[in-house]
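To start, the structure itself, in structure tokens.
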Amino acid sequence: MKRGKKAEEAAADGENDTGSASAKKTKKAKEPEAPILYEDPPDKMTSKDGRAANMKITSWNVDGLRAWVKKNGLDWVREEAPDVLCLQETKCAEKSLPAAITSMPEYPHKYWAVSDEKEGYSGVAMLCKTEPLKVTYGIGKEEHDKEGRVITAEFPSFYLVTAYVPNSGRGLVRLDYRKTWDVDFRAYLSELDMQKPLVLCGDLNVAHQDIDLKNPKGNKKSAGFTPEEREGISQLLESGFTDSFRELYPEQANAYTFWTYMMNSRGKNVGWRLDYFLLSSSLLPGLCDSKIRNKALGSDHCPITLHMAV
């Protein structure tokens, strides 16, 4: 997710102190504010109904695949070793994909969706250890599908959908489009869910509740936290899907997946939770854990991982 300058400033959460430099200095010397960091707890590998996790999915907005590969993102992936790896904001035409990822033997089945009109914009990918029964691209609506935002894979007992949801943009210039997207995407997911339960993962470009970002008060009019976008995800959850992280960690604050590159936001943990695993209600008994891997570097987002018994 990219933010406008205004949003960056608001997200800085109290960085805009007024007063003289010396007063600032004194204040700083007196009380250096220690950032409240999130510690990813040990992975839970058993579901509520006592089954062992046997499906591991990782999702990561890489903010440019080529740069992320150069920053050793694939080393982290090999260590994490998910069954399926979903990537968003790849910003890379298929002909320009780095050999380091196209030739990965761990994931023989690789799928790419890219923007038709703008090279180096948007884009998602799905890398699988075992071949899905079927893979489709987009949601069946041309106005949305030309931007390369969705891949759906059908597995024996569920669908996996990875998405890079449109950002409402600086000055909310795409908010109306985003509202249309939210309605159409929800209809697409609901239709799939009638056939087979699904897991949705990716950058949904919204912090749902106040607890999901560091500075809710300063960001009410910022892309990713407008009432309209929050209502969009609320309606999605009400239509039969569950936010897996909040299901397991309802009160956990300071757990974010995105930090702007500006103002040492990541070091200070001034962030947003924009990346999710949403599950159909019938998959909830098999939910083992929903992880935020906030130590993994290489992008302005960190990866998230889901453990499930299917």
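None of the figures in this text is laboratory data; all of them are computed from the coordinates on show. The structure presented is a predicted model; accordingly, all values stated were derived computationally and were not measured. No Cβ is skipped: glycine too gets one built from the backbone with ideal geometry, and neighbour counts run over all protein chains shown.
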*Figure the gain on full extension for GLN209 and ARG78 (residue separation times 0.36 nm, minus the Cα-Cα span) and round it to one decimal in nm.*
43.9 nm
*Post the alpha-carbon centroid distance, region 241-273 to region 41-85, in whole angstrom.*
17 Å
*What residues qualify as long-range amide H neighbours of TYR276, i.e. H under 5 Å apart, gap of 5 or more or another chain, H built at 1.01 Å from N?*
GLY202, LEU204
*In a GNM of the chain with a 10 Å cut-off on Cα contacts, which of TRP76, TRP60, TRP181 has the highest mean-square fluctuation?*
TRP76
*Starting from the Cα-Cα distance between LYS221 and LEU37, subtract it from 0.36 nm times their residue separation and give me the gain in nm to one decimal.*
63.7 nm
*asked:* What are the ³J(HN,Hα) couplings of region 111-123, residue after residue, when phi is run through the Karplus curve with 6.51, -1.76, 1.60 and θ = phi - 60°? Round to Hz, x for glycine and proline.
replied: 10, 10, 10, 10, 5, 5, 8, 10, 6, x, 9, 6, x
*Pick out which of ALA223, ALA100, ALA52 has the largest mean-square fluctuation in a Gaussian network model of the chain, springs linking Cα atoms closer than 10 Å.*
ALA100
*asked:* Tell me the mean residue ellipticity at 222 nm calculated for the chain from its helices only (DSSP H runs of n ≥ 4, each -39500 (n - 2.57), averaged over every residue, nearest 500).
replied: -7000 deg cm²/dmol
*Before anything else, pin down the relative contact order of region 167-244: Cα pairs under 8 Å, at least 6 apart, normalised by residue count, whole percent.*
36 percent
*Any idea what the relative contact order of the chain is, in percent, if you count C-alpha pairs under 8 Å spaced at least 6 apart?*
24 percent
*Per residue, how much space in cubic angstrom lies within the convex hull of the C-alpha atoms of the chain?*
137 Å³
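Of the cross-linked pairs LYS179/LYS291; LYS44/LYS134; LYS56/LYS268; LYS56/LYS110; LYS71/LYS110, which ones have a Cα-Cα span greater than 18 Å in the structure shown?
Numbers: LYS179/LYS291 28 Å; LYS44/LYS134 30 Å; LYS56/LYS268 30 Å; LYS56/LYS110 16 Å; LYS71/LYS110 21 Å.
Distance filter (> 18 Å) returns LYS179/LYS291; LYS44/LYS134; LYS56/LYS268; LYS71/LYS110.
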*Three-way shape call for region 79-209 based on the alpha-carbon gyration tensor, with the a/c threshold at 1.5*: oblate
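Using 0.36 nm per residue, how much length does the chain from LYS70 to MET104 gain when fully extended, once their Cα-Cα distance is taken away?
Numbers: separation 34, 0.36 × 34 = 12.24 nm, distance 1.49 nm.
Extra length from LYS70 to MET104 when fully extended: 10.8 nm.
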*Most mobile of PHE241, PHE158, PHE225 in a GNM of the chain (Cα contacts under 10 Å)*: PHE158
*Quickly work out the TYR137-to-TYR261 label distance, labels modelled 7 Å from Cα along the C-beta direction, and quote it in nm with one decimal.*
2.8 nm
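Evaluate the relative contact order of region 123-224 (contact order divided by residue number), counting alpha-carbon pairs under 8 angstrom at least 6 apart; express in whole percent.
On the way: 132 pairs, mean separation 26.3, N = 102.
For region 123-224, the relative contact order is 26 percent.
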*From the residues MET263, ALA253, SER290, which one has its Cα farthest along the dipole of region 219-310 in the positive direction, the dipole being from +1 and -1 charges on Cβ of Lys/Arg and Asp/Glu about the Cα centre?*
MET263
